[in-house]
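Q: What follows is a structure written as structure tokens; I'll ask about it next.
The values are calculated or read from the model by the stated rules, or taken from the named source; none is laboratory data. Since the model is a prediction, treat every value here as computed from it, not as a measurement. Note that we place each Cβ from the backbone using ideal geometry, even for glycine, and neighbour counts take in every protein chain shown. Keep in mind that these areas ignore ligands, DNA and RNA; they rest on the heavy atoms of the full protein, side chains included. Shrake-Rupley method; radii C 1.70, N 1.55, O 1.52, S 1.80 Å.
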Amino acid sequence: MKSELLFMKQEDVIAAGVLDMKKILELVEKVFYLQGHGQIINPPKTVFGIPIGEEPQSHFFSMPVYIGGDINRPGTKWAAESRANAKVGNLPMGIDMVILSDPVTVQPVAIMDGMVITAMRTAAAAGVAAKYLAPKDAQVAGCVGAGVIGRTMIMALREVAPSLKQIKLCDLNLEKAQNLANEFKDEIEVIPTNSVEEAVTGADIVATMTTSKKPFVKSDWIKKGSMIIQMSSCEVEGGVVEKAEKIVVDSWDQMKENDLSIINQMVQQGKIDEADIWSLSDIVCGNKPGRENNDEITMFSSRGMGAHDIIIGDYLYKEAVKKGLGQKLTLWDEALWV
């Protein structure tokens, strides 16, 4: 029996609809709903860095997943990051692949580029959190990081917070912030800056999307009634976490494996109680409340869930089949070792 699978290059993934942020938000929210109903298997990701015995210059991540319910899709995301790529700039820092399998025969059915999927689902997770936790009449967002996730974060926030009038966009490289601001000039006012304090102070929604290994957002800059979104591990100081009246994460099982996480560090230090950290799935499923008043400060921090990549990959695969996208590959013409 011939075993065929569909290979989707990045252009196929885009043609299948990955840039439809409204749809991606819907799929990511469904993952949180299914997670809250026990229909997701998403073990903590396996991570290693190389070279051995030195400061890692490359990192690799394995993220196996099963999504139950009406999706019924096992798969895995293989992700990698290169500091060398980031320095040289001729290749993406992160290069990802998504693999989907048949739940019964376990044969692979699709392999696709995962870089744009990663960018979209990362911001979409924050967008779903903002839907439930951001001020309802948010006018100003302060975003730090004008890279790939900076772009998709603007896309997500515009979908879930239509009241937004202005985005203050900070990057150490002011030119990057200016270029990204220009991309959205016909859609929303984006003010570029290279001052974190300027971007964050007075913002109704604060979102950080950087590779920083040291916290840089100070609690004094966070105003009453705002929402903080932290997409990396330790971009905000401990005082910001302590200031938040609701601390919500995408997956605590994932985050407590991350020693760099400021939230995990504060739990280990006894500064906050693990019981006070909520999963976004509980809020999406109605087991915990979202924002309850205009004055409370809420915080969402993300570690990243492979389930988001797999549900999006499943959707794009089905769309690609409908549209005749991708290239069929043969794993074997006849299974010889049966």
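Q: Can you name every residue in region 109-154 that is closer than 30 Å to ASP333 by Cβ and open to solvent by 30 Å² or more (accessible area, probe 1.4 Å)?
A: Within region 109-154, ILE111 is the sole residue that qualifies.
Q: Tell me, yes or no, whether region 42-64 has at least one residue that is of a type in the set (Phe, Trp, Tyr), in contact with a strand residue (DSSP E or B) (Cβ under 6 Å, 6 or more places away or on another chain) and closer than 17 Å to MET112 by Cβ.
A: yes
Q: State all residues of region 62-83 that are open to solvent by less than 30 Å² (accessible area, probe 1.4 Å) and hydrophobic (A, V, I, L, M, F, W, C); if no residue qualifies, say none.
A: Of everything in region 62-83, those that are open to solvent by less than 30 Å² (accessible area, probe 1.4 Å) and hydrophobic (A, V, I, L, M, F, W, C) turn out to be MET63, VAL65, ILE67, ILE71, ALA79, ALA80.
Q: Another question, then. Within region 234-255, is even one residue at pLDDT below 95, in contact with a Leu (Cβ under 7 Å, 6 or more places away or on another chain) and open to solvent by less than 20 Å² (accessible area, probe 1.4 Å)?
A: yes
Q: Condition (residue is touching a residue at least 40 places away in the same chain (Cβ under 8 Å) and part of a loop (DSSP other than H, G, I, E, B)) applied to region 181-193: is it met by at least one residue?
A: no
Q: Among the residues in region 311-330, are any assigned to a helix (DSSP H, G or I), touching a residue at least 40 places away in the same chain (Cβ under 8 Å) and open to solvent by 80 Å² or more (accessible area, probe 1.4 Å)?
A: Taking every residue of region 311-330 in turn, at least one turns out to be assigned to a helix (DSSP H, G or I), touching a residue at least 40 places away in the same chain (Cβ under 8 Å) and open to solvent by 80 Å² or more (accessible area, probe 1.4 Å).
Q: Sticking with this one: Could you please tell me which pairs satisfy a Cβ distance under 8 Å, a separation of 6+ or placement on different chains, a first residue in region 80-96 that is among the basic types (Lys, Arg), and a second residue that is open to solvent by 60 Å² or more (accessible area, probe 1.4 Å)?
A: That search, which allows pairs on different chains as well, returns ARG83/GLN57; ARG83/MET93.
Q: Moving on to the next point. Quick check on GLY75: is it in a strand (DSSP E or B) and either small (Gly, Ala, Ser) or modelled with pLDDT under 95 (or both)?
A: In short, yes.
Q: Taking ILE263 as the residue in question, decide whether it is within 20 Å of the chain's Cα centre (by Cα), open to solvent by less than 30 Å² (accessible area, probe 1.4 Å) and farther than 23 Å from ILE24 by Cβ.
A: Criteria met by ILE263.
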